1. Among residues belonging to region 152-169 that are of a type in the set (S, T, N, Q) and closer than 24 Å to residue 26 by Cα, point out the one that is surrounded by the fewest Cβ atoms within 10 Å (Cβ to Cβ).
2. For region 138-151, state whether one or more residues are among the charged types (D, E, K, R), surrounded by fewer than 12 Cβ atoms within 10 Å (Cβ to Cβ) and either out of contact with any helix residue (DSSP H, G or I) (no Cβ under 9 Å at 6 or more places or on another chain) or at pLDDT 95 or above (or both).
3. Just to be sure, is residue 164 in contact (Cβ under 8 Å) with a residue 60 or more places away in the chain and farther than 26 Å from residue 89 by Cα?
4. If the requirement is being out of contact with any helix residue (DSSP H, G or I) (no Cβ under 7 Å at 6 or more places or on another chain) and either crowded, with 16+ Cβ neighbours inside 10 Å or of a type outside the set (A, V, I, L, M) (or both), which of these qualifies: 81, 104, 86?
5. Which pairs do you get when a residue that is at positive phi, found in region 256-269, comes within reach of a residue that is among the acidic types (Asp, Glu) and surrounded by 14 or more Cβ atoms within 10 Å (Cβ to Cβ), reach meaning Cβ atoms under 9 angstrom, with the pair 6+ apart or on two chains?
6. Under the condition of being buried (at least 18 other Cβ atoms within 10 Å of the Cβ) and of a type outside the set (Val, Ile, Thr), which residue from region 128-137 is nearest to residue 160 (Cα to Cα)?
7. Can you tell me which residue is surrounded by the fewest Cβ atoms within 10 Å (Cβ to Cβ) among those in region 245-282 that are acidic (Asp, Glu) and not in a loop (DSSP other than H, G, I, E, B)?
8. Give region 107-127 a look and list any residue that's part of a loop (DSSP other than H, G, I, E, B) and either buried (at least 19 other Cβ atoms within 10 Å of the Cβ) or not small (Gly, Ala, Ser) (or both), or say none.
Amino acid sequence: MPDLAYLNGEIMPIDQARVPIEDRGYQFADGVYEYIASYEGRLFRLEAHLDRLEHGLRELGYAPIPRPHLRSAIAELFQRAGYARAGIYIQITRGVAPRNHAFATTLTPQIVMTVREIKAIPADLRDNGIQTITVRDLRWSRCDIKTTQLLANCLAKQKALASGYYDAIFVSDQDIVREGTSSNVFAVSNGRLTTHPLTPHILPGITRMAILEICGEIGLEFSESFFTRENLYAADEVFLSGTVTEVLPVIGVDDRIIANGGVGPITRQLYAALGAKALDRPDVR
């Protein structure tokens, strides 16, 4: 089954998709994106992803794109691909124009999507956990907008891999733990979850939202508040969350072993609960 692309209304094999060289997404990273996963042939949290996408479009001053148009295009691409466990990447750029920092407000946004089968994170990483490092957060100050300007994230991820770690966690100049290169970060201490509050310094993760909903449903205490690297080192459990990451246990940060170095019970409980939520309560409208 070929991987497919959607380009401004046309679906084609992914290797046939082309965008103009003067697309502002290519020239300036002037674009926003989303990544939506499916479980057993059903898209998870589609509307929440579209909410976040529209937030980015508004904040960057793009011409509005009707949600029914996006929803219909996503559904057609997803159905044509036929993957039960699919990942749909959506990218919208401001449009095509001669290279200039200033832009016309009349540009027509370019809509590009791809669909591929999701490759599962190896079971041993979920069973045994991952090792991470922390890096200084040098990104721009509007991380709440899911833009395509991800070079700092890419360099941090590459630094982690080159050093023998799975991922990197961004930390501010004040030693506040922000988020991973493509995930939110949770710490568990004394049975209570803590994660960074929703500010412009982090992405409002869709999986993060689902995890907090689960906490409310099962009576697990949580706090959206700032915490430091030392708090992370001293936690009973640490995990990352994201669309493909789901709930991924962290057993080491900066060569500091978290608790006893094993995957904690709350991390395991939330991973199982997230899977159940994805299968039992799909959000496809």
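1. To start, the set of residues in region 152-169 that are of a type in the set (S, T, N, Q) comprises 153, 158, 163.
Within this subset, residues satisfying the condition of being closer than 24 Å to residue 26 by Cα are 153, 158.
Values: 153: 17, 158: 12.
The residue in question is 158.
2. So far as region 138-151 goes, no, none of its residues is among the charged types (D, E, K, R), surrounded by fewer than 12 Cβ atoms within 10 Å (Cβ to Cβ) and either out of contact with any helix residue (DSSP H, G or I) (no Cβ under 9 Å at 6 or more places or on another chain) or at pLDDT 95 or above (or both).
3. Details: in contact (Cβ under 8 Å) with a residue 60 or more places away in the chain: no; farther than 26 Å from residue 89 by Cα: yes.
No, not satisfied.
4. Residue meeting the stated conditions: 81.
5. Note: pairs meeting the criteria are 259/236; 259/237.
6. Of everything passing the filter in region 128-137, 131 is nearest to residue 160 (Cα to Cα).
7. 280
8. 107, 108, 109, 118, 119, 121, 122
The values are calculated or read from the model by the stated rules, or taken from the named source; none is laboratory data. This is a predicted model, so every value here is computed, not measured. Please note: Cβ atoms are built from the backbone with ideal geometry, for glycine as well, and neighbour counts cover all protein chains shown.
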